[in-house]
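Encoded as structure tokens, the structure appears first; notes follow it.
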Amino acid sequence: MDHKSLQGPSRSPGDWFLALILLILLSLPSPAAGSNDIQFYDVNVYSGFSGAISPNSIQLACSGRQDVLMTHFVSHRLPFDPLIVRRIDNQTCHIHYEPSIHGFRAHAESHAIRGMFVDIPHMRLLARPGLPLGDSLDIVKAVLARAPGALDVSLGVAGSVPRPLVNRSLQVHFPNSRHRINLRPNPDVQVNSWSQDFIKSGEVRETTRLLTPRRIFEGDKANGEQFKALLDALASKRTGRSRISWEGGDLMFVRSPRDPQRLLLFYGDAARPYWADNLTEEEYAYVLRVEFGADEAIYFGSVAPHVDYVVSFIPEHQTALLVQPVTGNLELAQAAVKMLSLTFSAPVPTLVRQLESALTGPESLQLNSARIRELLAQARRESHGWAMPVDGAAYERIDAYMKEACPQDALACVGPRQLPSLVANHPDLLADWVQMAAVLRAGQSLPVAMFSVIEDQLPGQTAEKERRLREKAETLERLGFRVIRVPWIGGEMTGSQLWAGVSYANLLLLDHTLFVPVFGFGVPEQKLVEDIEPRLPAGYRVVPILARSALLQNGGVHCVMGLVRGDGIF
């Protein structure tokens with residue numbers, strides 16, 4: 001079974017009595033130097049991800065006597081788990097990690113959302129509204145327009161952009177908003193739109209605190225230094241910096257259905273390469289559990305890049321929404337091919353035409369599966385050369401402007417000195433510029449995504465994913481959750497380009513509304529979304545949110561929002 005659960009100390013009276021005895025022992029004279037001493041050994045956690053962990057944070061505590069070792073852990077209010085004890089040179093050893101914020105306990109999904117952090121590319125914000133792209137700006141606008149009540153929203157925008165320009169743009173994009181929207185100046189670095197990955201809220205003695213990771217990598221070593229300034233800018237009296245690196249989308253906290261006092265952590269593999277390669281699975285889970293104050297850690301990796309792509313929760317009804325791969329859907333495969341033909345229409349590649357032909361007919365997925373696989377393999381090799389249509393007139397206007405305004409440095413055209421002129425005097429040009437850049441960027445990711453959607457519709461393609469997800473469903477049911485399956489379209493997790501697919505579990509639950517990301521496949525996707533609401537607990541509704549740009553970059557709705565589930569932060 002795939003279920004790996006590392007539980008915290010039992011709350012039974014017998015164990016509390018043992019803890020009391022151990023605390024009494026602390027007042028006795030210390031044992032003589034020798035086998036009763038506790039020695040600490042550094043664990044080699046070097047992974048090539050520079051700065052991923054604070055030095056000497058993870059150690060092995062060893063003693064010749066297990067009771068002495070247990071006494072030490074109790075005195076430091078750290079959980080001691082006999083299941084992860086190692087025997088080294090006749091000593092008993094246990095992984096030793098102290099939390100970055102002592103007493104921190106992550107907020108569970110059942111805590112009401114009070115606000116959110118969202119990061120937005122400044123050019124996108126400054127441009128007048130145009131065709132929706134499904135990026136972080138479009139997503140937060142759509143959510144706030146329908147969200148009940150009033151939320152605190154911290155919008156991160158490059159700090160070099162003149163404040164009057166930003167304020168004017170906020171009024172354009174969020175007119176007369178009932179929400180409290182505040183600007184958060186960000187360092188001038190590449191935008192990280194996955195705000196969920198660098199913020200986790202919780203409590204220390206009933207006071208809301210935020211925890212941010214030591215570094216943000218998103219799987220790329222170069223990101224660590226690049227996003228360091230972004231994390232530094234989040235520092236405040238209520239914010240603590242973790243001693244370890246992690247990605248918040250891969251950590252979900254839920255109250256146990258059987259014992260609401262117990263906090264369950266569902267975790268995946270995202271943080272493992274940063275500092276846990278030399279730890280066992282159980283030790284890796286132990287460190288995460290201690291850091292976030294959870295009582296039990298349940299492994300939910302091996303399916304998607306982050307846990308929030310696999311499952312979401314309706315805590316009030318102890319319900320888990322677990323993804324189910326969409327397969328055998330001819331209409332969806334045809335919609336994916338159509339999207340390729342509309343995107344790469346200068347001219348439409350021969351392989352796309354051949355895929356259209358192979359997918360004609362009600363039994364084509366079964367009868368033509370070998371031919372379709374052959375075409376997809378060839379398309380993966382050749383798609384980098386497919387041409388996208390470009391608005392020639394818009395391109396010429398942009399090129400002429402750059403030659404006149406910033407002939408030596410193209411980036412200067414969008415720098416703080418020239419932005420006011422661009423926004424005020426060339427709004428059409430700016431809108432075209434942003435739209436063209438977004439379309440070209442999407443075109444780089446679209447082929448891999450659409451090939452994945454098509455291939456998943458073929459017989460037997462999703463068998464391994466389905467097997468792993470059945471095990472996850474069994475784990476959830478064993479924990480006491482009711483399981484509802486929701487669609488997961490595509491997902492290419494092998495090869496040089498990875499794509500997480502379209503996960504309807506990567507949603508945002510506000511009150512009784514589920515904001516679900518959609519790609520824009522039209523009728524076949526609409527049918528999938530409409531099938532969700534009737535299976536939810538009474539009173540819940542589904543609101544689809546166009547999130548194409550975010551989905552192409554391995555995101556969704558949940559990913560772009562760093563959620564705060566407590567008061568006093570904003």
Item checked: Boolean, Pro148 is at pLDDT below 90, in the same structural domain as Val560 (by the TED database) and either within 22 Å of Asp511 (Cα to Cα) or out of contact with any Ser or Thr (no Cβ under 9 Å at 6 or more places or on another chain) (or both) -> yes
Margin query: Looking at Ile372, Ile314, can you tell me which residue is surrounded by 20 or more Cβ atoms within 10 Å (Cβ to Cβ) and assigned by the TED database to the domain that holds Glu474?
Written below: Ile314
Notebook entry, point to check: Somewhere in the range 136-147, is a residue more than 20 Å from Arg180 (Cα to Cα), of a type outside the set (Phe, Trp, Tyr) and out of contact with any strand residue (DSSP E or B) (no Cβ under 6 Å at 6 or more places or on another chain)?
Noted result: no
Notebook entry, point to check: Mind checking whether some residue in the range 280-292 is part of a loop (DSSP other than H, G, I, E, B), in contact with a Leu (Cβ under 7 Å, 6 or more places away or on another chain) and surrounded by fewer than 23 Cβ atoms within 10 Å (Cβ to Cβ)?
Noted result: no
Note to self: Among the numbered criteria (1) under 19 Å from Pro517 (Cβ atoms); (2) out of contact with any Gly (no Cβ under 9 Å at 6 or more places or on another chain), which one does Val352 miss?
What the structure shows: (1)
Notebook entry, point to check: Quick check, is Val157 under 22 Å from the mean Cα position of the chain (by Cα), closer than 18 Å to Asp511 by Cβ and buried (at least 21 other Cβ atoms within 10 Å of the Cβ)?
Noted result: no
Check: All but one of (1) more than 21 Å from Phe521 (Cα to Cα); (2) in contact with a helix residue (DSSP H, G or I) (Cβ under 9 Å, 6 or more places away or on another chain); (3) in a helix (DSSP H, G or I) hold for Val390; which doesn't?
Finding: (3)
Note to self: Please verify whether Ser383 is of a type outside the set (A, V, I, L, M, F, W, C), buried (at least 18 other Cβ atoms within 10 Å of the Cβ) and either within 30 Å of Glu492 (Cα to Cα) or modelled with pLDDT of 90 or more (or both), treating the condition exactly as stated.
What the structure shows: yes
Check: Which pairs do you get when a residue that is within 14 Å of Asp188 (Cα to Cα), found in the range 403-417, comes within reach of a residue that is part of a helix (DSSP H, G or I), reach meaning Cβ atoms under 8 angstrom, with the pair 6+ apart or on two chains?
Finding: Ala412/Ala405; Val414/Met123; Val414/Leu422
Item checked: Segments classed as helices (runs of 4 or more DSSP H), wholly inside the range 459-570, with at least 2 members that are of a type in the set (Val, Ile, Thr), surrounded by fewer than 21 Cβ atoms within 10 Å (Cβ to Cβ) and assigned by the TED database to the domain that holds Tyr309 -> 523-530
Check: Just checking, which of Val414, Val390 is exposed (fewer than 13 other Cβ atoms within 10 Å of the Cβ), closer than 30 Å to Val161 by Cα, modelled with pLDDT under 90 and not assigned by the TED database to the domain that holds Pro162?
Finding: Val390
Next item on the list: Would you be able to tell me the number of residues in the range 234-256 that are within 14 Å of Asn192 (Cβ to Cβ) and either more than 16 Å from the chain's Cα centre (by Cα) or part of a strand (DSSP E or B) (or both)?
Entry: 1
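The values are calculated or read from the model by the stated rules, or taken from the named source; none is laboratory data. Everything quoted here is computed from the prediction, not taken from an experiment. Note that each Cβ is placed from the backbone with ideal geometry, even for glycine, and that neighbours are counted across all protein chains shown.
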